[in-house]
Amino acid sequence: MPAESRLQMILQIARLYYEKGETQQEIAAKLNISRPQVSRYLQQAREMGVVQINIIDPQEVCDGLARELKECFNLRDVLVVPLATTEPGELTQELGKAAARYLEAIVEAGDIIGIAWGNTLHQVARSLSGNKQPPDIRVVQLKGGVTRTSTNFPTGDLAVTFARAFNGTAYLLPAPTFVEDEATRKVLVREPSIQNILQLGRRANIAMVSIGYPSRNSVLVKAGFFTAGDIENMRANGAVGDICSRFFRRDGSLYSTDLDRRTIGISLEEIKEKPYSIGVAGGLNRVEGILGALRGGYINVLITDEITARGVLTLAKKDAF
């Protein structure tokens, strides 16, 4: 067979086998040649470089993204979870598992763990194994809560679940997330029952928080703290995300000092001083919020998924030009 005809035969067989998914026996019957001939042609296709086989390890790809994020934003740790789905429920579940494993790996005797609340941290709580229980663990709620009917989970129960997993003690913040004005907040935070919890939160050496985004369907809207119109206005004026209900812009700056003065909980500046400030978030709607949190320096550990990690890096590079 002439060399040109032989090459065309190799290409045809390679396409049928690798692109069309036909079996060697089917190809042999179609081209009226033997199955061993098909096998030899496929071998020649690989030897000639007509066919190249690359094995992509998803974890290796994710580790590369993690290294890039860590270097770009000077982070302590980054964990990028490989996922085959963008379905929000599955995404949150997998991030919860990864965050639970990370927390169990770093926690030590005497640690004070500060937590916020939300669907993501609810999944973290559910994923804690309870197999590591160093002594004297305290878990403290970092921000005020909402009513039981506003969420699928009572916000205070998360601290209790975390504490139970580590055989520790939970400390709840008996106050709402937002109040009407700054004067009301000042009165409330002077109450010993609230003041003591806030002080314990400031002493926490580990903070685990989710990174939210302004959404009409958020818990804060359901709880009556904001209307859907308020949320739209916030987004229109630059709010891209929040940590512990403290909202910020894409450049990392605080969104509103007025809103911040009405918020009960530790501040963003206090969160960023933690030895471990762990942000857990994923989904394309969180990309801007994660970028804002990283630029503000509010977290030094990021746990996210592959698609979101790519989105954050892409947006960061786009903003640089």
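The values are calculated or read from the model by the stated rules, or taken from the named source; none is laboratory data. Predicted, not measured: the structure shown is a model, and the values here were computed from it. As a convention, Cβ positions derive from the backbone with ideal geometry for all residues, glycine included, and neighbour counts pool all protein chains shown.
Residues checked against (1) part of a helix (DSSP H, G or I); (2) touching a Cys at 6+ places or on another chain (Cβ under 9 Å); (3) among the polar types (S, T, N, Q); (4) surrounded by 20 or more Cβ atoms within 10 Å (Cβ to Cβ):
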| residue | (1), (2), (3), (4) |
| --- | --- |
| E90 | yes, no, no, no |
| E104 | yes, no, no, no |
| A109 | no, no, no, no |
| A125 | yes, no, no, yes |
| Q133 | no, no, yes, no |
| G156 | yes, no, no, no |
| A159 | yes, no, no, yes |
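Residue-wise test of (1) among the hydrophobic types (A, V, I, L, M, F, W, C); (2) under 29 Å from A309 (Cα atoms); (3) assigned by the TED database to the domain that holds I211.
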residue	(1), (2), (3)
L91	yes, yes, yes
L103	yes, yes, yes
V107	yes, yes, yes
G110	no, no, yes
A116	yes, yes, yes
G145	no, no, yes
A159	yes, yes, yes
G168	no, no, yes
L173	yes, no, yes
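In this structure, is K97 part of a helix (DSSP H, G or I) and over 18 Å from I307 (Cβ atoms)? Working first, answer last.
Values: part of a helix (DSSP H, G or I): yes; over 18 Å from I307 (Cβ atoms): no.
The answer is no for K97.
Against the conditions (1) farther than 14 Å from L69 by Cα; (2) touching a residue at least 40 places away in the same chain (Cβ under 8 Å); (3) assigned to a helix (DSSP H, G or I), where does E232 fall short? Just the number, please.
Going through (1) farther than 14 Å from L69 by Cα; (2) touching a residue at least 40 places away in the same chain (Cβ under 8 Å); (3) assigned to a helix (DSSP H, G or I) one by one, E232 breaks only (2).
Would you mind listing the strands (runs of 3 or more DSSP E) fully within the range 241-321 where at least 3 residues are over 27 Å from V107 (Cβ atoms) and touching a residue at least 60 places away in the same chain (Cβ under 8 Å)? Spell out the reasoning first.
Numbers: elements: 241-243, 246-248, 276-280, 301-305.
Result: empty, no element qualifies.
Anything in the range 177-205 that is crowded, with 21+ Cβ neighbours inside 10 Å and not in a helix (DSSP H, G or I)? List them, or say none.
T177, F178, A204
In the range 206-245, which residue that is in contact with a helix residue (DSSP H, G or I) (Cβ under 6 Å, 6 or more places away or on another chain) and among the hydroxyl-bearing types (S, T, Y) is surrounded by the fewest Cβ atoms within 10 Å (Cβ to Cβ)?
So the residue we want is Y213.
Matching residues to (1) assigned by the TED database to the domain that holds Q8; (2) at positive phi; (3) out of contact with any Phe, Trp or Tyr (no Cβ under 7 Å at 6 or more places or on another chain); (4) among the aliphatic types (A, V, I, L, M):
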{"site": "A29", "(1), (2), (3), (4)": "yes, no, yes, yes"}
{"site": "N32", "(1), (2), (3), (4)": "yes, yes, yes, no"}
{"site": "R35", "(1), (2), (3), (4)": "yes, no, yes, no"}
{"site": "Y41", "(1), (2), (3), (4)": "yes, no, yes, no"}
{"site": "E68", "(1), (2), (3), (4)": "no, no, yes, no"}
{"site": "D77", "(1), (2), (3), (4)": "no, no, yes, no"}
{"site": "P82", "(1), (2), (3), (4)": "no, no, yes, no"}
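If you check T151, T177, which single one turns out to be in contact with a Gly (Cβ under 7 Å, 6 or more places away or on another chain) and at pLDDT below 95?
Step by step, each of T151, T177 is checked, and only T177 is in contact with a Gly (Cβ under 7 Å, 6 or more places away or on another chain) and at pLDDT below 95.
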